[in-house]
Amino acid sequence: MNSIRHEAVALDTNVFVFALRKEAAYPACETLLFVKLSELQVYLPLQIFVELQRNLTSSEMRGVLRALLRAKTVTWDYVPAPAELIARWEQAGAKKGDAVIAAHLEAAKIRYLVSENRHFLTELPASPFHVLRSEAVIALLK
Amino acid sequence: MNSTEQVVHVTLKLPKELYDRVAYAAAGEHQPLEDLLSVLVAEGLDAHASVRELLERVSAQYRDRLTREGKLEQPADEVLQELRAMREQIASELYPS
């Protein structure tokens, strides 16, 4: 799984939010974003972009986007997720929002989602991507 | 600009050509010239900042806002729950079925 250095990873909204809040229960989010960002190839799908916009002011959002430009690479994917893939993931048991994320990742062939949302693992048992906690990604980058 | 920030007034001399470019951009973005200049100075400084410095600044701004809104001490599980609810809402807006 050390290919994480050489492959794009999607960072879930909760990773950004916990990092910026400096959430004590999830300290690895801050380390991953503030310290390890330049080692990551980041993929940001439309759904997560809009979620960040809803959580942040325009000034905060600009700051995050400027920081993301310092990642090893960053891909902004503004294309809506394919409807047929969303429907398939919903049929597989995912809630609509998670189905959208899964569809984005599948369409873009992204194999890693960094998220602190444990529900992803239980909802999507046969997903084509790995859901990793920030802590695990930091360990893989060492 | 954050309304609680202190403001310092400065006099700036610019080459006419540079001034014209900024004025043209400000008009295009429908914002006062001095606001755009302030943004450009901040962005210029950010270009020299490290990732950590950039994100520390955003984090401080974000945490100040959450404090004002009484949300900074919100338990992490509650934050996760809110994010999940927001995800569902945005997905329904972007992909109405």
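Key figures
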{"quantity": "Some residue of region A:97-118 being without any contact (Cβ under 8 Å) to a residue 60 or more places away in the chain, crowded, with 20+ Cβ neighbours inside 10 Å, of a type in the set (D, E, K, R) and not in a loop (DSSP other than H, G, I, E, B)", "calculated": "yes"}
{"quantity": "Output for region A:35-51, where each listed residue is assigned to a helix (DSSP H, G or I) and surrounded by fewer than 20 Cβ atoms within 10 Å (Cβ to Cβ)", "calculated": "A:VAL35, A:SER38, A:GLU39, A:LEU46, A:PHE49, A:VAL50"}
{"quantity": "Residue among A:ARG54, A:ARG66 that alone is part of a helix (DSSP H, G or I), more than 17 Å from A:ILE110 (Cβ to Cβ) and modelled with pLDDT under 95", "calculated": "A:ARG66"}
{"quantity": "Only listed residue being facing chain A (nearest Cβ under 8 Å) and assigned to a helix (DSSP H, G or I), chosen from B:GLU17, B:GLU88, B:GLU53, B:GLU93", "calculated": "B:GLU88"}
{"quantity": "Residue within region B:22-45 that is of a type in the set (Asp, Glu) and at the interface with chain A (Cβ under 10 Å from one of its Cβ atoms) present", "calculated": "yes"}
{"quantity": "Count - residues of region A:52-81 that are touching a strand residue (DSSP E or B) at 6+ places or on another chain (Cβ under 6 Å) and either of a type in the set (Phe, Trp, Tyr) or crowded, with 16+ Cβ neighbours inside 10 Å (or both)", "calculated": "5"}
{"quantity": "Top-ranked residue of region B:65-85 - restricted to ones that are outside any loop (DSSP other than H, G, I, E, B) and of a type in the set (Lys, Arg), ranked as farthest from the other protein chains (Cβ to nearest Cβ)", "calculated": "B:ARG68"}
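Yes/no per residue for (1) facing chain B (nearest Cβ under 9 Å); (2) small (Gly, Ala, Ser); (3) not in a helix (DSSP H, G or I):
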residue	(1), (2), (3)
A:ILE4	no, no, no
A:VAL9	no, no, yes
A:VAL17	yes, no, no
A:ALA25	yes, yes, yes
A:LEU33	yes, no, no
A:LEU85	no, no, no
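The values are calculated or read from the model by the stated rules, or taken from the named source; none is laboratory data. In this text the structure is predicted, and so the values were computed from the model without any measurement. Here the Cβ is made from the backbone with ideal geometry for all residues, glycine too, and neighbour counts use every protein chain on show.
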